[in-house]
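The values are calculated or read from the model by the stated rules, or taken from the named source; none is laboratory data. If you're wondering where the values come from, they're calculated on a predicted model, not measured in any experiment. Methodologically, a virtual Cβ is constructed for each residue, glycine included, from the backbone with ideal geometry; neighbour enumeration extends over all protein chains shown.
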Amino acid sequence: MDNIIVGYDGSEGAVKALDAASDLAGRLGAALHVIFCYEPPALLAGGAAGAQRDEIEELGRTRLAEAMTRLEGTTLTAEGELVDANAVDGLIAAADQYDAIFIVVGHHGEGPLRGALLGATANKLLHQAERPVLVVPAVDG
């Protein structure tokens with residue numbers, strides 16, 4: 001069975017990416033792997049990094065549960081996974097692990113210059129991934 005990776009963080013762009021990925025998975029008979037990547041900010045003084053990691057993991061579990069709820073009632077083979085890495089590295093690693101036919105992510109609507117300056121996940125994936133990347137716009141039309 002083919003596999004599709006979708007990056008999911010609960011944002012509007014991620015919801016649209018999940019919808020597009022689930023539609024494609026259904027059409028192609030592919031399994032869907034919903035990935036929430038997390039990497040806490042740089043270590044803080046006073047041991048706060050462990051607490052941050054726990055909070056981000058809990059947020060990830062919540063977001064993945066939301067995604068799985070959104071997929072209820074479909075006939076898709078789907079699973080959610082927390083990946084302890086930044087979004088780009090985590091999505092590429094998941095795509096390699098599952099030999100995905102492509103990676104699907106949302107785009108938050110920033111222009112190319114702003115996206116490049118801010119290091120948008122979609123822009124980085126387009127340059128670093130060795131497999132196709134489908135970028136779904138967060139805005140309609």
Across the stretch 92-120, the tally of residues that are in a helix (DSSP H, G or I), closer than 20 Å to residue 22 by Cα and modelled with pLDDT under 90 stands at 0
Conditions (1) at pLDDT 90 or above; (2) more than 14 Å from residue 9 (Cβ to Cβ): number failed by residue 60: (2)
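Inspect all residues belonging to the stretch 70-82 and state whether any of them is assigned to a helix (DSSP H, G or I), modelled with pLDDT of 95 or more and farther than 15 Å from residue 134 by Cβ. Talk me through it step by step, then tell me what you get.
From the stretch 70-82, those assigned to a helix (DSSP H, G or I) are 70-71; that's our starting set.
So of that shortlist, the ones also modelled with pLDDT of 95 or more come out as 70-71.
Now drop any that are not farther than 15 Å from residue 134 by Cβ, which leaves 70-71.
Yes - at least one qualifying residue is present in the stretch 70-82.
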Any pair with Cβ under 7 angstrom, 6 or more apart, that starts in the stretch 1-27 at a residue that is within 23 Å of residue 59 (Cβ to Cβ) and modelled with pLDDT under 95 and ends at one that is crowded, with 22+ Cβ neighbours inside 10 Å and hydrophobic (A, V, I, L, M, F, W, C): 9/36
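Name the residues in the stretch 58-82 that are β-branched (Val, Ile, Thr) and either loosely packed, with under 13 Cβ neighbours inside 10 Å or under 10 Å from residue 18 (Cβ atoms) (or both), would you?
If the condition is that a residue be β-branched (Val, Ile, Thr) and either loosely packed, with under 13 Cβ neighbours inside 10 Å or under 10 Å from residue 18 (Cβ atoms) (or both), then 62, 69, 75 are the ones that fit.
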Give me the pairs, please: first residue somewhere in the stretch 82-93 and among the charged types (D, E, K, R), second residue anywhere and not in a helix (DSSP H, G or I), beta-carbon distance under 9 Å, and either six or more positions apart or on two chains. 84/37; 84/38; 84/39; 89/37; 89/39; 89/83
Which numbered condition in (1) touching a strand residue (DSSP E or B) at 6+ places or on another chain (Cβ under 7 Å); (2) part of a helix (DSSP H, G or I) is the only one that residue 59 fails? (1)
Which pairs have Cβ atoms under 7 Å, sit 6 or more apart or on different chains, and link a residue in the stretch 121-140 that is farther than 13 Å from residue 102 by Cα to one that is assigned to a loop (DSSP other than H, G, I, E, B) and not polar (S, T, N, Q)? 137/109; 138/108; 138/109; 139/109
